[in-house]
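**Student:** One structure coming up, written as structure tokens, with questions to follow.
The values are calculated or read from the model by the stated rules, or taken from the named source; none is laboratory data. Computed from a prediction, not measured in an experiment: that's the story for all the values here. No Cβ is skipped: glycine too gets one built from the backbone with ideal geometry, and neighbour counts run over all protein chains shown. Ligands, DNA and RNA are stripped out before the accessible areas are found, and what is left, the full protein with its side chains, is counted by its heavy atoms. Shrake-Rupley method; radii C 1.70, N 1.55, O 1.52, S 1.80 Å.
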Amino acid sequence: MKPEIILTAKGHAGTMATLQSEFTAHLLADAADRNAFLKQHAPKVRGLATFGPMPVDGKLMDLLPKLEIISNFGVGVDAINLAHAKQRNIIVTNTPDVLNECVADCALALILNTLRKFPQAEAYLRTGAWAAKGGYPLTTSLGGKTMGILGLGRIGEAIAKRAQSFGMQIRYHNRTKKDVAYPYDADAVALARNSDVLMVVTPGGAETEKLVNARVLDALGPEGYVVNIARGSVVDEPVLLKYLEEKKIAGAGLDVFADEPRVPPEFFALDNAVLFPHVGSATMETRTAMGNLQVDNLLAHFAGKQVLTRVV
Ligand code: 8YV
């Protein structure tokens, strides 16, 4: 008998196919009546396969009394109530490391595009402005600038390595100082004050909510840039929008937003922002590796083995 699991949403095709062949899988996103669906499957469901931003709260867990494991597709587990899972002895797993390089590539693309305004320069050509008005206005170089990494973990390290090869200097702030060669700043304000580009890589959740606020943006100043590849919740989004509109900071490169996939339309009018639809890990190779890890955690657990990447 295959273990029964619930999928909170549709993953990419390969992962969906594996989940559906290895387990008896029920798709919550397809349910016309969520409560009736959960009630119907509750007696047998032992696992939950969930996807990044899908909320998995205590209420959902408690509707599934036999739940043993929540296997997340994504490194960030801020959408899962970890305290509740712990209290119920439910294992939570994520998909770290396999996405580091891809997310770091995306971070560099955002820095390049934000400072050098490549998307805007391309649009300039496509609208015929090059021939009509002459060369695109000069932008600013990466080389010689300082990147302040807010949250120097494994993804932050991969970003630092790349940024250094572009001639950038690195500094960082974490809750606790690490054994690394980069200079450390005591808080986000100090880091912003000492940086040209503030790179937000810290996990989402209550502890980091609106960590990048007006004080931090003031410290970054009118020549400074913010890049966020972490979670929209880490930045005070209305304040960031206002600072971009009023040119109180130079620009922003954003892969994440507070209420995805809804992005406040005021952002679309900004010339000093580059906006990506949360594509940091979105390559076939990386999403396949993430899906494999999500599945392997479930398989290990149901085979009575240790899961591979346990969070709680
Ligand atoms: C994914 C992510 O886009 O890993 C994460 O935490 O945010 C991304 O890699 C997301 O998990 C997709 O569901």
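**Student:** Provide the descending list of Cα extents for the range 1-160 along its principal axes, expressed in whole angstroms.
**Tutor:** 68, 35, 26
**Student:** Quick one: among 151, 135, 204, which has the greatest mean-square fluctuation in a GNM of the chain with alpha-carbon springs under 10 angstrom?
**Tutor:** Taking springs between Cα atoms under 10 Å, the residue moving most is 135.
**Student:** Of 206, 189, 293, whose Cα points farthest to the positive end of the dipole of the range 176-312 (charges on the beta-carbon: +1 Lys, Arg; -1 Asp, Glu; origin at the Cα centre)?
**Tutor:** The listed residue farthest towards the positive side: 293.
**Student:** Report the equivalent ellipsoid semi-axes for the range 149-234 in whole Å, largest first, defined as the square roots of five times the eigenvalues of the gyration tensor built from alpha carbon atoms.
**Tutor:** On the way: eigenvalues 64, 47, 30 Å².
After scaling each eigenvalue by five and taking roots: 18, 15, 12 Å.
**Student:** While we're on this one: Cut-off 10 angstrom, C-alpha nodes, Gaussian network model of the chain. Which of 79, 129, 17 fluctuates the most?
**Tutor:** 129
**Student:** Related question: Just to confirm a number: summing +1 for Lys and Arg and -1 for Asp and Glu over residues other than residue 45 whose beta-carbon lies under 13 angstrom from that of residue 45, what do you get? Mind showing how you got there, number by number?
**Tutor:** Values: positive: 2, 39, 44, 46, 66; negative: 4, 62, 68.
Its environment carries a net charge of +2.
**Student:** For a quick check: with amide H placed at 1.01 Å from N, whose amide H comes under 5 Å from residue 253's, ignoring anything fewer than 5 positions away on the same chain?
**Tutor:** Those lying under 5 Å, H to H, from residue 253 are 226, 227, 228, 274.
**Student:** What are the equivalent ellipsoid semi-axes of the range 1-62, built from the alpha-carbon gyration tensor (square roots of five times its eigenvalues), in whole angstrom, biggest first? Walk me through the numbers before you get to the answer.
**Tutor:** On the way: eigenvalues 62, 42, 22 Å².
Over the Cα atoms of the range 1-62, the semi-axes work out to 18, 14, 11 Å.
**Student:** Farthest toward the dipole's positive end in the range 23-178, which of 54, 147, 37, given Cβ charges of +1 (Lys, Arg) and -1 (Asp, Glu) about the Cα centre?
**Tutor:** In the range 23-178, that residue is 147.
**Student:** If you don't mind, there's one more thing I want to ask. State to the nearest 20 debye the size of the charge dipole of the chain about its Cα centre, where the only charges are +1 on K and R beta carbons and -1 on D and E beta carbons.
**Tutor:** Computed charge dipole of the chain: roughly 360 debye.
**Student:** If you project the alpha carbons of the range 109-196 onto the principal axes, what extent comes out on each, in Å, largest first?
**Tutor:** Largest first, the range 109-196 extends 53, 23, 18 Å along its Cα principal axes.
**Student:** Another one. Based on Cα coordinates alone, diagonalise the gyration tensor for the chain, multiply each eigenvalue by 5, take square roots, and list the semi-axes in whole Å, largest first. If you can, show how the numbers build up before the last one.
**Tutor:** Details: eigenvalues 301, 91, 64 Å².
Computed over the chain, the values are 39, 21, 18 Å.
**Student:** OK, next. Cα centroids of the range 96-115 and the range 132-192: how far apart, whole angstrom?
**Tutor:** Their Cα centres are 12 Å away from one another.
**Student:** Keeping all protein chains in place, calculate the accessible area per residue for the chain (probe 1.4 angstrom), answer in Å². Walk me through the numbers before you get to the answer.
**Tutor:** On the way: 15040 Å² over 312 residues.
With the other protein chains kept in place, the chain gives 48 Å² per residue.
**Student:** Just how large is the dipole of the range 1-130 about the Cα centre, in debye to the nearest 20, putting +1 at every Lys and Arg Cβ and -1 at every Asp and Glu Cβ?
**Tutor:** Values: 13 positive and 12 negative charges, 52 e Å.
Its charge dipole is roughly 260 debye.
**Student:** Per 0.36 nm of contour for each residue apart, how much would the distance between residue 122 and residue 285 grow if the chain were fully extended, relative to their Cα-Cα spacing?
**Tutor:** So the chain would gain 55.9 nm between residue 122 and residue 285.
**Student:** I'd like the orientation of helix 13-22 relative to the chain: the angle between its Cα long axis and the longest Cα principal axis, in ° from 0 to 90, rounded to 10.
**Tutor:** Compared with the principal axis, the helix lies near 20 degrees.
**Student:** To continue, here is another question. When a/c reaches 1.5 or more, the comparison of a/b and b/c decides; with that in mind, is the range 172-304 rounded, prolate or oblate per its Cα gyration tensor? Walk me through the numbers before you get to the answer.
**Tutor:** Numbers: a/c = 2.39, a/b = 1.46, b/c = 1.63.
It comes out oblate by the Cα gyration axes.
**Student:** Carbon and sulfur atoms: what percent of the 1.4 Å accessible area of the range 122-220 do they account for? Each step should come with its number before you reach the end.
**Tutor:** Details: 2780 of 5410 Å².
Carbon and sulfur atoms account for 51 percent of the accessible area of the range 122-220.
**Student:** Please give the charge dipole size of the range 98-187, origin at the Cα centre, charges +1 on K and R Cβ atoms and -1 on D and E Cβ atoms. Round to the nearest 20 debye.
**Tutor:** Here the range 98-187 has a charge dipole of around 160 debye.
**Student:** Taking a threshold of 31 Å on the Cα-Cα distance, which of the pairs 2/59; 10/305; 117/178; 145/247 fall above it?
**Tutor:** Numbers: 2/59 26 Å; 10/305 26 Å; 117/178 33 Å; 145/247 19 Å.
In this structure, 117/178 exceed 31 Å between Cα atoms.
**Student:** Calculate how steeply helix 154-165 sits against the longest principal axis of the alpha-carbon atoms of the chain, using the helix alpha-carbon long axis, and give the answer as 0 to 90 degrees to the nearest 10.
**Tutor:** Here the helix axis deviates by roughly 30 degrees.
**Student:** If you average the alpha carbon positions of the range 236-286 and of the range 52-92, how far apart do those two centres end up, in angstrom?
**Tutor:** If we compute the Cα centre of each part, the gap is 28 Å.
**Student:** Right, another one. Using the beta-carbon distance between residue 247 and residue 131 and R0 = 35 Å, what value does 1/(1 + (r/R0)^6) give for FRET efficiency, to the nearest 0.05?
**Tutor:** Values: r = 29 Å, r/R0 = 0.82.
Efficiency, rounded to the nearest 0.05: 0.75.
**Student:** What order, most packed first, do the peptides 29-39, 80-90, 163-173 have when packing is the mean number of other Cβ atoms within 10 Å of each residue?
**Tutor:** Put in order of decreasing packing, that is 163-173, 80-90, 29-39.
**Student:** Moving on to the next point. Give me the Kirkwood hydrodynamic radius of the range 54-139, using the inverse of the mean 1/r over all pairs of distinct Cα atoms, in Å to one decimal.
**Tutor:** Working: mean 1/r = 0.0595 Å⁻¹.
Mean inverse Cα-Cα distance, inverted, gives 16.8 Å.
**Student:** So what's the angle, to the nearest 10 degrees on a 0 to 90 scale, between helix 284-302 and the longest Cα principal axis of the chain?
**Tutor:** Here the helix axis deviates by roughly 30 degrees.
**Student:** From the helices alone, meaning DSSP H stretches of at least four residues, give me the mean residue ellipticity at 222 nm for the chain, per-run term -39500 (n - 2.57), in deg cm²/dmol to the nearest 500. Mind showing how you got there, number by number?
**Tutor:** On the way: 12 runs with 113 residues, N = 312.
Result for the chain: -10500 deg cm²/dmol, rounded to the nearest 500.
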